[in-house]
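Notes follow once the structure below has been shown.
The values are calculated or read from the model by the stated rules, or taken from the named source; none is laboratory data. Everything numeric here is computed off the predicted structure, so don't read it as measured data. Here the Cβ is made from the backbone with ideal geometry for all residues, glycine too, and neighbour counts use every protein chain on show. Note: accessible area is taken over every heavy atom of the protein model, side chains too, but ligands, DNA and RNA are not part of it. Shrake-Rupley method; radii C 1.70, N 1.55, O 1.52, S 1.80 Å.
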Amino acid sequence: AAKQSGRNQYAFFSPQMNQQLHQRIEVLQGVRTALEQGHFHLEYQPVLSLADGRIRGAEALLRWHHPEQGLISPGLFIPTIEDSDLIGPVTEWVACQAVQDLLQLQQLKPGFSISINISGAALHQDSTRDFLTELKQREQVPDNCLNVELTETSMIRHLDDCRQTLKQWKAAGMNIWIDDFGTGYSSLSYLHQLPIDGLKIDRSFIRELKPGSSNSLVATIMTLAESMNLYVVAEGIETADQRDCLARLGSCLGQGFGLHRPMPLSALQQLLEAENDTLAADVRSDTDSS
Ligand code: C2E
Ligand code: MG
Ligand code: MG
Ligand code: MG
């Protein structure tokens with residue numbers, strides 16, 4: 001029997017699984033060290049109003065600068081830490097840093113807003129929920145300037161809990177956006193059940209936009225959003241054609257490599273300063289010519 005169970009154990013921990021386990025432990029240890037030693041930073045990708053091209057806000061994107069392995073993408077390590085006790089501390093680190101940066105950016109542009117991504121695991125933790133609410137209040141972040149981005153799948157999983165959390169965040173003056181809209185869930189009934197402020201149309205739909213086509217999928221999402229009084233952000237705009245198609249479909253916000261890539265805080269500040277200068281110059285030339 002011993003021999004048999006020994007063999008079973010061997011079958012359970014196949015070399016491949018052993019390696020996965022090893023990688024997982026390495027990631028968790030690495031993230032812990034990154035938090036302690038300041039290897040994380042945030043980049044910001046501007047969100048523009050497509051109608052006038054002006055910057056309205058930015059999405060905070062987490063970057064891990066590993067001392068040996070270089071830059072590690074959040075898509076690679078967020079899923080690993082999701083079911084560990086590190087997702088809370090990482091989310092809180094992101095929120096604190098983003099709020100600090102937001103308050104600076106608002107000195108250049110009042111009303112500027114920042115979005116942070118909250119993964120499913122963090123969304124359903126009471127401690128993270130309260131942490132965000134208290135942070136918003138303690139730092140006196142103006143209302144409607146701190147957005148949380150959640151995916152459909154992460155909300156649907158525990159709809160009742162989610163409703164309570166979103167209600168609390170709304171009451172505190174935060175806004176709720178659905179990230180990667182259109183990819184997660186086939187029923188839309190949850191839209192009526194949750195206090196949502198906006199939809200971010202997933203990049204996969206924006207990629208399909210074609211000049212001369214009715215682009216009915218994106219058109220339908222925009223109509224839906226309008227009828228429910230929701231904001232819309234088109235994610236992943238890469239080409240001028242895509243931008244033209246969106247302009248033809250209506251007014252919305254946009255984000256993508258074709259507008260701006262994610263950038264460090266200092267670069268975003270320079271961008272806002274340049275925009276302020278242009279606006280001031282416009283005002284001057286208006287008064288000159290009148
Ligand atoms: P997301 O929230 O949907 O963020 C958008 C991702 O698309 C970012 O990748 C951004 O760099 C990329 N992107 C933006 N415009 C374009 C474009 O025009 N073309 C293409 N191909 N990509 C574009 P990133 O920074 O690698 O983040 C990947 C995902 O990791 C995010 O997707 C989000 O789900 C997650 N993530 C990032 N930061 C955080 C964080 O602080 N906390 C949590 N929980 N998740 C995060
Ligand atoms: Mg996002
Ligand atoms: Mg997204
Ligand atoms: Mg995504």
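Of these, ARG138, ARG129, ARG157, which one is open to solvent by 10 Å² or more (accessible area, probe 1.4 Å), touching a helix residue (DSSP H, G or I) at 6+ places or on another chain (Cβ under 8 Å) and modelled with pLDDT of 95 or more?
Just a single option satisfies the conditions, and that option is ARG129.
Let me confirm something: among ILE221, ILE176, which residue is touching a residue at least 40 places away in the same chain (Cβ under 8 Å), outside any loop (DSSP other than H, G, I, E, B) and not polar (S, T, N, Q)?
Among ILE221, ILE176, only ILE221 is touching a residue at least 40 places away in the same chain (Cβ under 8 Å), outside any loop (DSSP other than H, G, I, E, B) and not polar (S, T, N, Q).
Which condition does SER204 not pass, out of (1) within 29 Å of GLN168 (Cβ to Cβ); (2) hydroxyl-bearing (Ser, Thr, Tyr); (3) modelled with pLDDT of 95 or more, if it passes all the others?
(1)
Note down all Cβ pairs under 7 Å where the first residue falls in the range 233-244 and is under 16 Å from LEU217 (Cβ atoms) and in contact (Cβ under 8 Å) with a residue 24 or more places away in the chain, the second is open to solvent by less than 30 Å² (accessible area, probe 1.4 Å) and assigned to a helix (DSSP H, G or I), and they're at least six residues apart or on different chains.
Once the first residue is under 16 Å from LEU217 (Cβ atoms) and in contact (Cβ under 8 Å) with a residue 24 or more places away in the chain and sits in the range 233-244, its partners that are open to solvent by less than 30 Å² (accessible area, probe 1.4 Å) and assigned to a helix (DSSP H, G or I) give ALA234/ILE206; ALA234/LEU246; GLU235/ILE206; GLY236/ILE206; ILE237/ILE206; GLN242/ILE206.
Go through (1) crowded, with 20+ Cβ neighbours inside 10 Å; (2) within 16 Å of ligand 2 (Cβ to nearest atom); (3) farther than 22 Å from ARG56 by Cα and name the single condition SER204 misses.
Only one criterion in (1) crowded, with 20+ Cβ neighbours inside 10 Å; (2) within 16 Å of ligand 2 (Cβ to nearest atom); (3) farther than 22 Å from ARG56 by Cα is unmet by SER204, namely (1).
If we keep just the residues of the range 27-43 that are small (Gly, Ala, Ser) and part of a helix (DSSP H, G or I), which is nearest to the chain's Cα centre (by Cα)?
Once the filter is applied, the top-ranked residue is ALA34.
Consider GLU36 carefully, then state whether it is within 12 Å of ligand 1 (Cβ to nearest atom) and at pLDDT 95 or above.
Criteria not met by GLU36.
From the set of residues in the range 224-239 that are part of a helix (DSSP H, G or I) and open to solvent by less than 50 Å² (accessible area, probe 1.4 Å), which is farthest from ligand 1 (Cβ to nearest atom)?
That would be LEU224.
Could you look through the range 164-191, keep only residues that are of a type in the set (S, T, N, Q) and open to solvent by less than 30 Å² (accessible area, probe 1.4 Å), and pick out the one that is farthest from ligand 4 (Cβ to nearest atom)?
Here the residue is THR165.
Please go through (1) in a loop (DSSP other than H, G, I, E, B); (2) free of Cβ contacts under 8 Å to residues at least 12 places away in the same chain; (3) closer than 30 Å to ALA172 by Cβ; (4) polar (S, T, N, Q) for SER266 and return the number of the only condition it doesn't satisfy.
Only one criterion in (1) in a loop (DSSP other than H, G, I, E, B); (2) free of Cβ contacts under 8 Å to residues at least 12 places away in the same chain; (3) closer than 30 Å to ALA172 by Cβ; (4) polar (S, T, N, Q) is unmet by SER266, namely (1).
Please list, ordered by first then second residue, the pairs with beta carbon atoms under 6 Å, 6 or more apart or interchain, first in the range 75-95 and in a loop (DSSP other than H, G, I, E, B), second among the β-branched types (Val, Ile, Thr) and crowded, with 18+ Cβ neighbours inside 10 Å.
Matching pairs, first to second residue: LEU86/VAL31.
Could you tell me whether any residue of the range 240-251 is within 14 Å of ligand 3 (Cβ to nearest atom), at pLDDT 95 or above and surrounded by 13 or more Cβ atoms within 10 Å (Cβ to Cβ)?
So far as the range 240-251 goes, no, none of its residues is within 14 Å of ligand 3 (Cβ to nearest atom), at pLDDT 95 or above and surrounded by 13 or more Cβ atoms within 10 Å (Cβ to Cβ).
If the requirement is being among the small types (Gly, Ala, Ser), under 20 Å from the mean Cα position of the chain (by Cα) and within 24 Å of ALA95 (Cβ to Cβ), which of these qualifies: ALA234, ALA267?
ALA267 is the lone residue from the list that is among the small types (Gly, Ala, Ser), under 20 Å from the mean Cα position of the chain (by Cα) and within 24 Å of ALA95 (Cβ to Cβ).
Report the residue count in the range 117-126 for those that are in a helix (DSSP H, G or I) and either open to solvent by 80 Å² or more (accessible area, probe 1.4 Å) or touching a residue at least 60 places away in the same chain (Cβ under 8 Å) (or both).
The qualifying residues number 1.
Within the range 102-116, identify whether any single residue is in a helix (DSSP H, G or I), open to solvent by less than 10 Å² (accessible area, probe 1.4 Å) and more than 16 Å from ligand 4 (Cβ to nearest atom), and answer yes or no.
Within the range 102-116, one or more residues are in a helix (DSSP H, G or I), open to solvent by less than 10 Å² (accessible area, probe 1.4 Å) and more than 16 Å from ligand 4 (Cβ to nearest atom).
If ILE114 satisfies every condition in (1) within 9 Å of ligand 1 (Cβ to nearest atom); (2) touching a residue at least 60 places away in the same chain (Cβ under 8 Å) but one, which is the exception?
(1)
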